[in-house]
Amino acid sequence: MPGSALNNGVRGSVGKPSSGVVAVGLLSTLARTETSEAAAPSAGGSALLAAVGAWLVGRDAAICAVIGPHVSVDLVRRITQHGIDLSRSRATADVATEGDIEPSPEQLASVSRDWSVHLCGLSAGRQRELLHAVSQRVMTVTIDTAKKPGSSVLTKTELVELAVNCDAILTGRLEAERLWPAQPPREILRQLARQGARAAVIKLGVGGSIGIREGRITWMSAFPLTRPPLLPGGDAYAGAFSAVFAPDRNLAHAMAWATAAASTVMESPSPLEVMTDFGRRTVESRARALESDTAPST
């Protein structure tokens, strides 16, 4: 896909970026769950799901990715028509398989102080480079340690280093259990806090999530799905969390809205299909319900 086709589709659809969340990660073609032969291909990938999560909680959303020939110009246009800015993404034909090339720090050169940056599950080395490039000039930086397919396994030392240098780090239950075997989530979070993490969240899947900030632990239950999950929810959770956490660092508030966004995305057959006023109202209703049921932090 020529770079000019991508750039024309992006800038012609969304114009000048405004404040919001830049999701830095992968953009790919998502296999449809429907059996209908008429079903159109859909876009997927960690960056898109995180951007959709940010959008669902009322923030502007942008994607920073390397887009290979696996993603058609038509899909790019559909993404921008839904209000997601792709001006920080670049197209390339030199990709053997989806996700082979990670975004570079240079792609974030235009990000301003009004924006937050969320780093999806890239390799630890690239996350370190991106964090160094933007940490002093954006509102917040959040990092998800979800493993990129084909990348090396994150070490405990790498995770702690990232956690200490970003505003909030998110990891999954399986990753936490691998790095801290036999340790309960609460103790893992306390260890991260003692080592200098400003805020940390462990996503527990159907079990909800648990987080820590300033020594206070917050548990957040999962929102019951109305149908079997069609999409993964972890990246949408992280993008929504980044958006809500940025203004005032309210951990419980961010976790509730992130959980609501994740549940809404999981019930949809395509990330773009949930980007409606109804989708936003659904997230708000679920978030309010979760906040009302959340016990005070301990």
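Every read-out reported here was derived from the displayed coordinates using simple, explicitly stated rules and does not represent laboratory data. As the structure is a prediction and not an experimental result, all values here were calculated from the model. A quick note on method: Cβ atoms are made from the backbone with ideal geometry, for glycine too, and the neighbour counts reach across all protein chains shown.
Miscellaneous remarks
- Computed from backbone phi with θ = phi - 60° and the Karplus coefficients 6.51, -1.76 and 1.60, the 3J(HN,Hα) list for segment 115-132 is 9, 10, 10, 10, 9, 6, x, 9, 5, 4, x, 5, 4, 4, 5, 5, 4, 4 Hz; x is used for glycine and proline.
- Compared with the rule-of-thumb size 2.2 N^0.38 Å for a compact globular protein, segment 45-91 has a Cα radius of gyration ratio of 1.07.
- Taking amide H atoms as placed 1.01 Å from N in the peptide plane, the amide H of Lys147 has no partner under 5 Å among residues 5 or more positions away or on other chains.
- Amide H to amide H, with H built 1.01 Å from N, Ala199 comes under 5 Å of Ile169, counting only residues 5 or more places away or on other chains.
- Sequence-distant residues sharing a close amide H with Leu230 (under 5 Å, placed H): Glu267, Ser268
- Dipole magnitude for segment 156-286: computed about the Cα centre from +1 point charges on Lys and Arg Cβ and -1 point charges on Asp and Glu Cβ, it is near 380 debye.
- Virtual spin-label span in nm between Gln136 and Asn250, 7 Å along Cα→Cβ: 3.2
- Its residue count N fixes a reference of 2.2 N^0.38 Å for segment 116-187, and the Cα radius of gyration divided by that reference is 1.09.
- Across segment 228-245, rounded Karplus estimates of 3J(HN,Hα) from the backbone phi angles (6.51 cos²θ - 1.76 cosθ + 1.60, θ = phi - 60°) give x, x, 9, 9, x, x, x, 6, 4, 4, 5, x, 5, 4, 4, 5, 7, 6 Hz, Gly and Pro being marked x.
- 3J(HN,Hα) along segment 69-76, derived from phi through the Karplus expression 6.51 cos²θ - 1.76 cosθ + 1.60 where θ = phi - 60°, amounts to x, 6, 9, 6, 4, 4, 5, 4 Hz, with x in place of Gly and Pro.
- Compared with the direct C-alpha span, the chain from Arg216 to Leu174 gains 12.9 nm at full extension, assuming 0.36 nm per residue.
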